[in-house]
Each structure stands twice: as structure tokens, then as C-alpha cells.
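Beneath this line is the structure, given in C-alpha cells, with notes to follow.
The values are calculated or read from the model by the stated rules, or taken from the named source; none is laboratory data. Quick caveat: nothing in here was measured; it's all calculated off a predicted structure. Here the Cβ positions follow ideal geometry from the backbone for every residue, glycine too, while neighbour counts run over all protein chains shown.
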Amino acid sequence: MMKKKFIIPMALSAAMLAGSIPVSSVFAQPADSKAGSGVQASKAWNEKASVPLFVKERFAEKYASSTSSEALNYLKKNEGKTGINNPDKNLKVKSVQKDKLGMTHVRFNQAVNGVNVEGAEVVVHFNENNEVVSVNGRVNQTIADDTVDTTASLSSDSALKTALSSVNAPEELTYEQLLISLSFHLEGKIIPPIK
């Protein structure tokens, strides 16, 4: 009788333990099965969508300096890796910042005909030895590939009157920027600068 009391819990415990062990082909393959394929960077990218982009270099290439022009040279040379087509045409420099660790971060805005695309930014990261170690950000490749009319669909005065009547805004606004909004509410309309 005592043996039956121990056999059932032991069998159930063994079944639960065996069920928690993952069963996949991970154990049958080497840790780096692409080692001989010549791939030098890992990439997460969904073609044509405005999704996060992250490229981490395994073998960083050294550049003469950590400038925006060298960052653009990297992006042009590595269009296939990053998924950013025509970076010299579609990106414009936003800022260059050096941090306390000696790394330089070059920020680009995606722009169409000189108009910034909302939420589209790419950052190229150089280490202290002027080597590109990673690239991250967002780019909307659909807009980059299509011809987009950047002519404002509203006049500045009309947009200002509509905005002021919609919210409790001050009479005078100091922020001026023209941008392309991909909001479903605005249906991709161009928003003129507010003066």
C-alpha cells in the first residue's frame, strides 16, 4: 500500500519534468550554423514597413573619422544590410553627438523632397576607434520608393485656424516644422509649417 502512494506522485512528477524539456532541432545544430556563409552583421528588418531596424556589426570597419559623411558612406555601402535604399537621397543629418564613452552617434531623419517623415530616424553608432558598431532606427521604405507629392494640402492660415479651434492652444506658436504625417486620421496629408 505504501509503494502505491509513492508511485503515482513519482510518475506524475516525472511526466511534468519531461514535459518541460524543450524539444527542437536546436540541440542538433552548431551554435553558429552560418559561420561559413560570410554574413558579417545580424539584421532585423521587415521590407517596406515602418518597423524598427537594428544592424550590429560583427567585424566593424574603421573609417577616417566619426562624421556624418562617413556615416552616410557606411549606409550607402551597406544598403543591402540595412535595407535603406538611396540613403544619400532619403536621409538628412539631424545631429552628431559624442558621449562620455567616446562613442559618436550620428542621427539622420528620413526626408522626402526635404520634408521630414514623422517617426523615421536612423542612428549610426561609431565606437572610439571610428568603427561603425551598430545602426538602428526606423525608415519607411514605401515612402522612400514612391513618388510623394509634398505640396501642402492646406494653407498655413487654414491649418492654424483649424488647430486653434480644435484645442485650447495659445494665440502665438513658436514651433515651425513641415512634416509628412502617416496618421490614419490625416490620411497621409502634408501639414504646412505654422508661422
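Please give the strands (runs of 3 or more DSSP E) falling wholly within the stretch 59-147 in which 3 or more residues are touching a Ser or Thr at 6+ places or on another chain (Cβ under 8 Å).
Once the strands (runs of 3 or more DSSP E) in the stretch 59-147 are filtered for at least 3 residues that are touching a Ser or Thr at 6+ places or on another chain (Cβ under 8 Å), what remains is 91-98, 104-112, 115-126.
Looking only at the stretch 98-144, which residues are acidic (Asp, Glu) and within 17 Å of the chain's Cα centre (by Cα)?
GLU118, GLU121
For LYS92, work out the one condition from (1) under 17 Å from the mean Cα position of the chain (by Cα); (2) buried (at least 18 other Cβ atoms within 10 Å of the Cβ); (3) at pLDDT 90 or above it doesn't fulfil.
Only one criterion in (1) under 17 Å from the mean Cα position of the chain (by Cα); (2) buried (at least 18 other Cβ atoms within 10 Å of the Cβ); (3) at pLDDT 90 or above is unmet by LYS92, namely (2).
Scan the stretch 51-68 for residues that are over 18 Å from GLN110 (Cβ atoms) and either without any contact (Cβ under 8 Å) to a residue 12 or more places away in the chain or not charged (D, E, K, R) (or both) and jot them down.
PHE59, ALA60, TYR63, ALA64, SER65, SER66, THR67
Can you confirm whether the stretch 118-129 contains a residue that is among the polar types (S, T, N, Q), closer than 21 Å to LYS81 by Cα and in the same structural domain as GLU61 (by TED's automatic domain parsing)?
Yes; the residues of the stretch 118-129 include at least one that is among the polar types (S, T, N, Q), closer than 21 Å to LYS81 by Cα and in the same structural domain as GLU61 (by TED's automatic domain parsing).
Being surrounded by 11 or more Cβ atoms within 10 Å (Cβ to Cβ), of a type in the set (S, T, N, Q), over 16 Å from the mean Cα position of the chain (by Cα) and modelled with pLDDT under 75, is that true of even one residue in the stretch 23-45?
yes
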